[in-house]
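The values are calculated or read from the model by the stated rules, or taken from the named source; none is laboratory data. It should be emphasised that the depicted structure is a prediction, and the values quoted were computed from it without experimental measurement. Glycine gets a Cβ as well: all are built from the backbone with ideal geometry, and neighbour counts include every protein chain shown. Side chains are part of the model used for accessible areas, which takes the heavy atoms of the whole protein and leaves out ligands, DNA and RNA. Shrake-Rupley method; radii C 1.70, N 1.55, O 1.52, S 1.80 Å.
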Amino acid sequence: MTTQPNMPANMPKLDEVLIKSNEQDWRPKSLKGVYEKVLWRDDETGASICLIKFDKGTSIPEPHMHASNQFMFVLEGHYEYKHNGLVLRPGSFYWNPKGNVHGPTIAHEDTVVVEIYDGPHYPQRPSWYDNDQDAR
């Protein structure tokens, strides 16, 4: 016999969740060449798990920081943080602590990452997005 962990009172009953991400369409963001597939999001805290795709040549154009910890695991591609020459390739795990200024970046190849935030993405919407949804 197994027991379920104590869950918050307002939590819907979920035994398991399966998302077939290969059957989801990529949602383009307002920064040309960046796309997402949302796998999970907590609207109360801003935490999220997404697949992010960068077309070859796409750049996050400015130094910036996040309002929470950012984690990325590279599934495919070649992605670089230009300010320090840090290169991410398939199998790379990247952790950017909350409040650390980093970037700009460049995708040297089409790149797909699993991106996880443990809270909200940005303290304020960055200039390269033209709407708040893209900055979530």
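So what's the gap between the Cα centers of the range 84-109 and the range 18-32, to the nearest angstrom?
For the range 84-109 versus the range 18-32, the Cα centre distance is 21 Å.
When the chain is treated as a GNM, springs tying every alpha-carbon pair under 10 Å, which of Asn22, Asn69, Asn96 comes out with the largest mean-square fluctuation?
Comparing Asn22, Asn69, Asn96 in a Gaussian network model of the chain, the most mobile one is Asn22.
Kindly report the accessible area of the range 18-136 per residue (heavy atoms of protein chains, probe 1.4 Å, no ligands, DNA or RNA), in Å².
Working: 6420 Å² over 119 residues.
For the range 18-136, the solvent-accessible area averages 54 Å² per residue.
Measure off, as a whole percent, the carbon and sulfur share of the 1.4 Å-probe accessible area of the chain, all protein chains present.
On the chain, the fraction of accessible area on carbon and sulfur atoms equals 52 percent.
What distance in nm separates the two pseudo spin-label positions at Gln24 and Val38, each 7 Å out from Cα along the beta-carbon direction?
0.9 nm
What three numbers, in Å, describe the spread of the alpha carbons of the chain along their principal axes, ordered from the longest?
The Cα atoms of the chain stretch 52, 30, 25 Å along their principal axes.
Which whole-number percent is the relative contact order of the chain (Cα, under 8 Å, 6+ apart)? List each step's numbers first, then the result.
On the way: 293 pairs, mean separation 36.7, N = 136.
Dividing the mean separation by the residue count of the chain yields 27 percent.
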